[in-house]
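First, the structure itself, so that you have it in front of you.
The values are calculated or read from the model by the stated rules, or taken from the named source; none is laboratory data. Keep in mind it's a predicted model, so treat the numbers as computed, not measured. We place every Cβ from the backbone using ideal geometry, glycine too, and count neighbours over all the protein chains shown.
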Amino acid sequence: MSLVAIQGEIGAFSHEAALRLVPEASILPCSLSADVFAALSTGQVDAAVIPIENSLAGSVIEHFDLLLKHDLVIVEEALLRIRHNLIALPGVALFQIHTVYSHPVALAQCRQFFVAHPAIHACAFYDTAGSVKHLAETANHSAAAIASRHAAHEYGAEILAADIEDNPENYTRFFLLHRRSVAPAVLDANKLSVAFAVENRPGTLVAALQQIAEQGTNLTKIESRPVHGRPWEYIFYVDCQLSHPGAADLALAALQAHCSMVRELGRYREAVQK
């Protein structure tokens, strides 16, 4: 059985994604994302599952920096539909609720619920599932949490209102990571993630992206991150759909001619939205 690290408590959306990617996994919950990457890098766990992007909130910026810092590789991705639920202790009714705890992103994605219930105060917490765990530990009957159905089950709580998110088109993309030295080869990969840096001259970024396009790849995402300690220099992260198995090697080789640094982050099968 594989041991998989996630950021957050048991019952978090990352836990749900981990079980989808590694069905028989045993989960190691970590408080910080840096702890997840460290646990995998040092061999404490076999794999890690991290969120990289939400369809509404955007990219998880910290995880791009951590991907570059550690010698890890993406071997699979998953898309998880995010369904937010109002969760309370057994027997608690909605009129008893004065405070709702959850991660700030989850609270922001349920604004209409708070508009409809102006007497209920939203309170930011470090984790969605952690907010349900907090309710159970404190036996707080005047509070509720916003989290997954899995979290409610995990901590013996009840769902007072299901699917309270403002926008139902709410998906998070997760990566399954392995140590590069032991990562399995993905023979049918049709997607590539790569990080690269270009010289600060006119046209260098355009030239690098043109090289990717000429290899029959389709750019699906680009993200820039500052180089720490070197103001106004940037690392670019891109995801590309591959037109054929050899396109990844061709794209990486083409980038080398225009970039001061190229780092392959992973080749994997593109997730299908369900």
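Is it the case, given these coordinates, that Ala147 is crowded, with 19+ Cβ neighbours inside 10 Å and either within 21 Å of the chain's Cα centre (by Cα) or assigned by TED's automatic domain parsing to the domain that holds Ala124 (or both)? Steps first, please.
Numbers: crowded, with 19+ Cβ neighbours inside 10 Å: yes; either within 21 Å of the chain's Cα centre (by Cα) or assigned by TED's automatic domain parsing to the domain that holds Ala124 (or both): yes.
In short, yes.
Take His98 and tell me if it is closer than 14 Å to Ala145 by Cβ, without any contact (Cβ under 8 Å) to a residue 60 or more places away in the chain and surrounded by fewer than 19 Cβ atoms within 10 Å (Cβ to Cβ). Show your work before the answer.
Working: closer than 14 Å to Ala145 by Cβ: yes; without any contact (Cβ under 8 Å) to a residue 60 or more places away in the chain: yes; surrounded by fewer than 19 Cβ atoms within 10 Å (Cβ to Cβ): yes.
Considered against the rule, which asks whether it is closer than 14 Å to Ala145 by Cβ, without any contact (Cβ under 8 Å) to a residue 60 or more places away in the chain and surrounded by fewer than 19 Cβ atoms within 10 Å (Cβ to Cβ), His98 comes out as yes.
Moving to a separate point now. Only residues that are at negative phi and either in a helix (DSSP H, G or I) or buried (at least 20 other Cβ atoms within 10 Å of the Cβ) (or both): list them for segment 259-272, please.
Let us first name the residues in segment 259-272 that are at negative phi, namely 259-265, 267-272.
Once the filter is applied, which keeps residues that are at negative phi and either in a helix (DSSP H, G or I) or buried (at least 20 other Cβ atoms within 10 Å of the Cβ) (or both), segment 259-272 yields Cys259, Leu265, Arg267, Tyr268.
Is it fair to say Glu154 is surrounded by fewer than 16 Cβ atoms within 10 Å (Cβ to Cβ), of a type in the set (Asp, Glu) and not assigned by TED's automatic domain parsing to the domain that holds Asp71?
Answer is no for this residue.
Another question, then. Can you find even one residue in segment 192-206 that is among the β-branched types (Val, Ile, Thr) and closer than 27 Å to Leu56 by Cβ? First the steps, then the outcome.
Let us first name the residues in segment 192-206 that are among the β-branched types (Val, Ile, Thr), namely 194, 198, 204, 206.
Within this subset, residues satisfying the condition of being closer than 27 Å to Leu56 by Cβ are 194.
Looking for residues that are among the β-branched types (Val, Ile, Thr) and closer than 27 Å to Leu56 by Cβ, one finds at least one in segment 192-206, hence yes.
So, in segment 222-263, how many residues would count as being among the polar types (S, T, N, Q), modelled with pLDDT under 90 and over 24 Å from Asp65 (Cβ atoms)?
Step one: filter segment 222-263 for residues among the polar types (S, T, N, Q), giving 224, 241, 243, 256, 260.
Remaining after also requiring modelled with pLDDT under 90: 243, 256, 260.
From the residues that got through so far, the ones that are over 24 Å from Asp65 (Cβ atoms) too are 243.
Residues flagged as among the polar types (S, T, N, Q), modelled with pLDDT under 90 and over 24 Å from Asp65 (Cβ atoms) within segment 222-263 amount to 1.
Further question: Just the residues that are among the charged types (D, E, K, R), surrounded by 18 or more Cβ atoms within 10 Å (Cβ to Cβ) and touching a Ser or Thr at 6+ places or on another chain (Cβ under 7 Å), please, taken from segment 38-87.
Hits for segment 38-87 are Asp46, Glu53.
Next up: Under the condition of being of a type outside the set (A, V, I, L, M) and more than 11 Å from Arg267 (Cα to Cα), which residue from segment 176-188 is nearest to the chain's Cα centre (by Cα)? Full working, then the answer.
Taking segment 176-188 as the starting set, the residues that turn out to be of a type outside the set (A, V, I, L, M) are 178-181, 184, 188.
Keeping just the survivors that are more than 11 Å from Arg267 (Cα to Cα) gives 178-181.
Details: His178: 15, Arg179: 18, Arg180: 19, Ser181: 23 Å.
Applying the filter and picking the extreme gives His178.
What is the number of the single condition among (1) touching a helix residue (DSSP H, G or I) at 6+ places or on another chain (Cβ under 8 Å); (2) of a type in the set (A, V, I, L, M); (3) surrounded by 20 or more Cβ atoms within 10 Å (Cβ to Cβ); (4) outside the structural domain of Asp46 (by TED's automatic domain parsing) that Leu135 does not meet?
The one condition Leu135 does not meet is (1).
Let me ask something additional. Is it the case, given these coordinates, that Leu28 is assigned by TED's automatic domain parsing to the domain that holds Ala78 and surrounded by 18 or more Cβ atoms within 10 Å (Cβ to Cβ)? Walk me through it before giving the result.
Values: assigned by TED's automatic domain parsing to the domain that holds Ala78: yes; surrounded by 18 or more Cβ atoms within 10 Å (Cβ to Cβ): yes.
In short, yes.
Can you tell me which condition Ile164 does not meet? The list is (1) assigned to a strand (DSSP E or B); (2) among the β-branched types (Val, Ile, Thr); (3) buried (at least 19 other Cβ atoms within 10 Å of the Cβ), and all the others hold.
Looking at each condition in turn, Ile164 falls short on (1).
Out of the residues in segment 183-221 that are of a type in the set (A, V, I, L, M, F, W, C) and at pLDDT 90 or above, which is surrounded by the most Cβ atoms within 10 Å (Cβ to Cβ)? First the steps, then the outcome.
Residues of segment 183-221 that are of a type in the set (A, V, I, L, M, F, W, C), as a first pass: 183, 185-187, 189, 192, 194-198, 205-209, 212-213, 219.
Cutting the leftovers down to at pLDDT 90 or above gives us 183, 189, 192, 194-197, 219.
Numbers: Ala183: 17, Ala189: 19, Leu192: 25, Val194: 21, Ala195: 19, Phe196: 22, Ala197: 18, Leu219: 12.
Checked segment 183-221; the qualifying residue surrounded by the most Cβ atoms within 10 Å (Cβ to Cβ) is Leu192.
Here is a follow-up. Quickly run through segment 147-161 and pick out the residues that are within 16 Å of Ala12 (Cβ to Cβ) and in a loop (DSSP other than H, G, I, E, B).
Ser148, Tyr155, Ala157
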